[in-house]
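Below: the structure, in structure tokens.
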Amino acid sequence: MARAKQDERLSFFEACPAPADTESVRWRRHMYEVRHLGALRLERHRLGNQAGVRDSYPAVAAELSALAR
């Protein structure tokens, strides 16, 4: 989400090298994605967006599956 905003954060991401593509980096990326999807699910629930909550389950399942590999 931070990379999507066109502001001063872009220069931070341009200055920092991308992390190596290691197993631990991929695992951590999936873990953060699950955390993000959980926050989205809570927000959708708070807003009464039942379809959005329902649609979040396959995305979370896919990320959890990737973590288990």
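Only helices enter this figure: runs of n ≥ 4 DSSP H residues, each worth -39500 (n - 2.57), summed and divided by the residues of the chain, yield -24000 deg cm²/dmol at 222 nm to the nearest 500. For the chain, applying the loop criterion from DSSP together with a ceiling of 10 other beta carbons within 10 Å to the GluC sites (Glu not before Pro) yields E8.
Note that the chain presents 84 Å² accessible area per residue, ligands and nucleic acids not counted, probe 1.4 Å. Taking the accessible area of the chain, probe 1.4 Å, and keeping the other protein chains in place, the carbon and sulfur fraction comes to 58%. The alpha carbon convex hull volume per residue for the chain rounds to 94 Å³.
Between A68 and V25, the distance separating the two model label sites (each 7 Å from Cα on the Cα→Cβ line) works out to 2.7 nm.
The values are calculated or read from the model by the stated rules, or taken from the named source; none is laboratory data. Note that the structure is predicted; figures quoted are calculated from it, not measured. Every residue, glycine among them, receives a Cβ derived from its backbone with ideal geometry; neighbour counts consider all protein chains shown. Side chains included, ligands, DNA and RNA excluded: accessible areas come from the protein's heavy atoms. Shrake-Rupley method; radii C 1.70, N 1.55, O 1.52, S 1.80 Å.
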